[in-house]
Every structure is written in structure tokens, then in C-alpha cells.
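The next block holds one structure in the form of C-alpha cells; read it before the comments.
The values are calculated or read from the model by the stated rules, or taken from the named source; none is laboratory data. Not measured: the values here are computed from a predicted model. Counting neighbours? That spans all protein chains shown, and the Cβs are built from the backbone with ideal geometry, glycine included. All accessible areas refer to the heavy atoms of the entire protein, side chains included, with ligands and DNA or RNA removed. Shrake-Rupley method; radii C 1.70, N 1.55, O 1.52, S 1.80 Å.
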Amino acid sequence: MKNMKSFNRILYGGDYNPNQWPREIWQEDMRMFRHAHINSATINVFSWAKIQPSEEEYDFSELDDIVDMLSKENYDIVLATSTGALPAWMAKRYPEVERTDYQGRRHKFGHRHNACPNSPVYQKYSARLAGKLAGRYGSNPHIKCWHINNEYGGECYCENCEKAFRVWLKKKYGTLEALNRAWNMEFWGHTVYDWDEIVLPNVLGDGMENDRTAFAGISLDYRRFNSDGMLANFIGERDAIREFDRETPVTTNLMGTFKGLDYFKWAKEMDIVSWDNYPRYDTPWSETAMCHDLMRGLKDAPFMLMEQTPSQQNWQAYNSLKRPGQMRAQSYQTIAHGANTIQFFQLRRSVGACEKFHGAVIAHAGTEETRVFREVSQLGSELERLGDAVLGSRNEAQVGILFDWDNYWALEYTSGPTIDLTYVKHIHEYYKYFYDRNIAVNMIPCDADFSRYQLIVAPVLYMVKDGVAEALEAFVENGGTFVTTYMSGIVGQSDNVHLGGYPGPLRKLAGVWAEEIDALAPEQYNEVVMNNGAVCRCGLVCDLMHLEGAESLGVYGRDFYQGMPAVTRNRFGKGHVYYVGTHMEEQGLCGILEQAVVDAEVKSIAANGDGLEIVCRTTGEDRIYFVMNFTDQEKQMPTAFLGKKDLLSDRIVTAETVLKKYDVYIIKE
């Protein structure tokens, strides 16, 4: 955040909508929030209709009062631009501003995320509103962050989008010859001879379903175009704010591994990343940690937690309550992985509409005598005591895991070899190995500086774009260790196959050639017999590989390809490359990754963690360790921390210190 304001305390608060309540409630809110040690509020998220009741009329009087009230209470304010949902007058007067869905139906007024990103009307009025807000409130020192729109997402397939897509394509490809070649339009005789012959890839064109398409090239480009179009909306509002306020950071709340937008590209235009964390009742803690690391990795910097619920969601299939202590532990896990804020949706529970059962700091009972309010107050008091101890610190890692939205889209569009190939699931399986062993991980893009790492892991690196193979070769040649898997090196950036044998441009690096890829149904399996005699099940897909310099670490135990290599290790320059040719059960995969970790000389933060999650943030010479127990068993404190002081309790850690479920210790060295 160069030349940007920075937070001088951990922001603790969340979405606050006093405009939904009579004014006599406001002062009661202030009293209760003080009790809960809340110091910030995100306001004005969905107030466009109130601020602009008609095309030429603006009314900021109520927002003035809200900002004035929070400023007098010394709140840090996250001020949203309200552009996440249109006012009714806009849809009525300019119906083309509404989205057209995948089935080709133009929507009417309703819901949210309801604006076509390529609508000139939306672009005009959203940027104008952002500018008016910045001109009015930008000089207020309590405004700590601008929050543009809300949870960008969705697609539009209207005529405006079709015309804009053609312009985007012409800029990208230059000629129709290049476009036809990129999309392999000779297939099925789809060659186009005029830009106006290009139609959108929805169900009326070459789209089959949201994740199935006749031509992956056009559908991939539409994903990229849609992400770029919404990013242009964000940039339009950001630039309107910058005309009046050049110092306050600007963000929008992202959503972890959300598929629709290329967040690495978005992060380059954001001053600080923020995101909304809503795990399911059965989401593994490792998956939540991975999402935090991904959000931190977008800018390789601390991030904001913009939303979490203090108790329960309302929109998932099963909206279980968070158990006593769970919200607190979840919050500290968030800070451990790089957050500088803890914010809730919402501060007061809505009285009606679809989120009335979504959890809040103040429940419908309207009292502080609730379990949730007491837990929020406890956490607020602790964060107040913690002060700025973690601000300015960073998470460092020796391991980088590649995450790439182009790969995400392309892998899940691909027709074959199996419908069960899903991107995030495979990334998480590899991430979990490091999480379980308290080995710090950075989630990195394909254009990252690989030289910062000792070990790089790239599961299902299906799409290898220009320059990536060369960068990986240089990394390994200089001593790095690289791990990749089946379904890697298959296609280039337009989903056309790299000819010459799988894994394409990674073939020399891996020292193997895959002749065929077998797909196994859920009830089928094979086995991998390791060189040390260990046997583990495998399934999903099996590469039928030939060695080209690599050594076999294990072979298939069944079927007609029994005895063919299933897992290999190749010496390349000063480094090593591991190629995992099949989906192995956890025990077998862990054995392979253990060898890779030894090769890379990667160290654990706490080797004797015994199931505890231990994360380290560093600043200068200081190290801040977060020790958390998310298991059902009591755990002994690792000996490395004995004699150190816990920042939350001011007590010295002893040999008798035991962590119960959801216990957290923060220890500074």
C-alpha cells in the first residue's frame, strides 16, 4: 500500500446498516458495540436506492448522520460505494442495464449483482456515485478504506456484452485468422469470416452447461472477458474516488477460490485485498487456511477479513451454529495467516428478507445477554490488548503452490477423461500435506518469482502458458524442487494440446513421456507399488508413462499397464522434479511429498506440533507464533514454546500447559 494510509489497529467490526432501523436504535447500537470493543463499521453497502432515489436526485442526509455518529464514536469506517445492487428507477428507465442470463433471458429488477458490466448506463452512474461519495467524505480521517461494490460475480450474455466481447477479441488476436487458429475453428466447420459472426458461448451458442462447452477456446476467452469487464467496473469507481482521495486504500471483497474472476489479475488493481470467509459446517480447517493463504498470496501482503459470521450462515444447505470458542479460534486462524482485520456480517441481525437468519453480533433478541455477544466481546477485548503487535508483520514460506484461474477454468471445461476432475479439490489435497506438518505455504501465480522458494508444487497444471515451462526449468536447474501431477502440461492458453506427447512442455523437465491416460470410475481402483514395498490405492486417472531419464519410485500393480511407472523423480540440473502420474490415496501421496521436502530441505515451523496448527508471522527480528488446537483431543504445548509468554493471557507457558479444542496461544519471540 505504497503512499496509502495504513491501519494503526486491528479493525474489529463489520457490516452495519443503521439505515434499516429507526434512529432510536442507533444509540443503543453504539452502547452495545462499545461493550463488545468494536472499533470499526462497514457502511453504505446497499444504499444506492436511498442515496439516489431518482436519476438526477441525490440525498446524503441520512448517510451524513451515520458518518457523523461513527466519527464522534472514534470508529474506523469502511465506506462502501453501494453499487452492488441497482435502484429500481434505473432498471425501469434503462431496462438494458439488467443482465441476460446463460439461457438468454433478460432479467427484470430484483436480486443483486443485477447489472450488466458492459452497460454504459451502469458504468456512468456507478462511477458518478463513487465520485460523489469520495468528494463528500474523502477528507474525513475516520474513513480508513473504500469498499467498492460487493462480492463481484456472475455473468451477462446480452447484446452489449456480445459487442464488447468482439472488441475485446479483436484487441487480443488482431486478426480472424489468429482467432480461428486459437479456437481450432476448423473443428465442426466453425470458421468465422467476420467479427460479427462471433456469438456468445451460452446455451444459445457453443455453451452446453456452465462447465461444459463445445469449444473451450471461446468459453475460456469469455471467462477472461467477463473477469476483465467487471474489473473495469471496479477500476472506473476506484478512479472516480481517486479524483478526490488519493491516500485511502481501495478494496472490494473477494470470495476465496471463487471461480468466476481471475483474482491475481484483480489484485494488481486493488490497494489491499479483502475477502469473505464462510466455511461450511464440514469444511476442513486446512481448506480455510488455504483460502487465507491464497488471499494473502494475491498481493503477497496482509489482507482484510471483510466478512465472517459470528454464529451461523443462512444460505448454505446446513447452517449449523459455531460451537463455543469456534468463532474466536477461527478469527485467530485468520490473523495468523495474514489478516489485519476481523469483521462480521452483520452487526445487527436483519428483520426481514433472505438474510434475516444470518448470524449477527446483536441477535433478534436485541440484548448483550447472548452467548454470541459474549464471545464477540471477549474477542474484542483480547484484540484491544493485542494492539498493533501483529501489524506490519508478514508470513514467510519456503514452499509455493501454484494457483491459476486459467487452469481452474480450462481443467473444468475439458471434455474428458473424467467428470470428477476438479481443480480446487486437487490443490487442497497437496496443500493439506504441508498444513498437517506446519510447513508454511505461499499460494502463488504462474508469473511469480520462483527463486524465492525451495519447493514449488503445481498439481494438475493442465494449461502451461508461454514462459512458464522455461521459468520452472530455470528454478529446478538452479537447485529447486518441483512437484507436478497427472493432467499437467496438456494444453496451451487457448486449450489446444501441446503436441509431441504429454506432459508437453514439461516433458524434458519431468523426464517422462505419458502415452495414454486411463480414467477410472469411482468404484474402480488400481495400486501403486512403491520401491520400498509399500502399496497404496490409486484411482481417478492413471498416466501410462515411459521413462526418459527419470527414475521410477513406484509402479502400477494391476491392469494391463501393471509394472509401468506411476510416480517418478528426475534429476534436472541441481534440482529434482517429481511427477505423480495418478491420484494416490493420502498415505501414498504423503510419502512422495516427504521425499520432495527432504530434497528441498524445507523446514517445519514446529516439527512436533502433534496435530496443532502453528503459524508464524514475522516482523524484523520478531517472530509471532499462533498455536491453535482444532482437534477434538487435548494437546500438550510443544516444548519449543515453554518459558515463553502468551500475549493473550500474559501467562508463561509451562510443561503443564494443555490446549483444549479451540484454545489459542500467541507467543512472541
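Quick notes
- The range 14-120 - charge dipole about Cα centre, Lys and Arg +1 at Cβ, Asp and Glu -1, debye rounded to 20: 580 debye
- Computed helical MRE - 222 nm, the chain, DSSP H runs ≥ 4 contributing -39500 (n - 2.57), nearest 500: -9500 deg cm²/dmol
- The charge dipole of the chain, taken about its Cα centre with unit charges on the Cβ of Lys, Arg, Asp and Glu (plus for the first two, minus for the last two), comes to roughly 1340 debye.
- Cβ-based charge dipole, the chain, positive-most Cα from I198, A317, A363: A363
- For C590, solvent-accessible area (1.4 Å; no DNA, RNA or ligand), Å²: 30 Å²
- For the chain, carbon and sulfur atoms together expose 49% of the accessible surface, with a 1.4 angstrom probe and every protein chain in place.
- Within straight-line reach of K108, meaning a Cα separation under 17 Å, sit the following lysines at least 8 residues removed in sequence or on another chain: K92.
- Three-way shape call for the range 574-614 based on the alpha-carbon gyration tensor, with the a/c threshold at 1.5: oblate
- P(r), alpha carbons of the range 324-441 - 10 Å bins starting at zero, rounded %: 10, 27, 25, 26, 11, 1
- Our summary gives the range 1-100 a relative contact order of 29 percent, counting only alpha carbon pairs under 8 angstrom and 6 or more residues apart.
- Looking at the range 152-230, the pairs of alpha carbons with a distance over 20 Å make up 25% of the total.
- Evaluated at q = 0.12 Å⁻¹, the base-10 log of the normalised Debye intensity for the chain, with identical point scatterers placed on the Cα atoms, takes the values -1.38.
- Relative contact order (%) - criterion: Cα under 8 Å, at least six apart; region: the range 333-457: 24 percent
- Taking 7 Å steps out from each Cα toward its Cβ at D388 and D64 produces label points 3.4 nm apart.
- Mean accessible surface per residue for the chain, computed with a 1.4 Å probe while every protein chain stays in place, in Å²: 40 Å²
- Cα gyration tensor category, rounded, prolate or oblate, for the range 571-639 with a/c compared to 1.5: oblate
- Set of lysines near K508 by C-alpha distance (under 21 Å), chain-local residues within fewer than 8 positions excluded: K465, K574
- Evaluating kT/(6 pi eta Rh) at 10 °C and 1.306 mPa s, with the Kirkwood radius of the range 248-329 over Cα pairs in the Stokes-Einstein relation, gives 116 µm² s⁻¹.
- Normalising the average separation of contacting C-alpha pairs (under 8 angstrom, six or more residues apart) by the number of residues puts the relative contact order of the chain at 11 percent.
- For the range 497-566, the square roots of the Cα gyration tensor eigenvalues, ordered a ≥ b ≥ c, give a/c of at least 1.5 with a/b no greater than b/c, which places it in the oblate category.
- In a reduced charge model with +1 at each Lys and Arg Cβ and -1 at each Asp and Glu Cβ, the range 356-432 shows a dipole moment near 200 debye about its Cα centre.
- Extension gain, K72 back to K268 (0.36 nm per residue minus Cα-Cα distance, nm): 67.1 nm
- Charge tally for H426 (other residues, Cβ to Cβ under 12 Å; Lys, Arg +1; Asp, Glu -1): -1.
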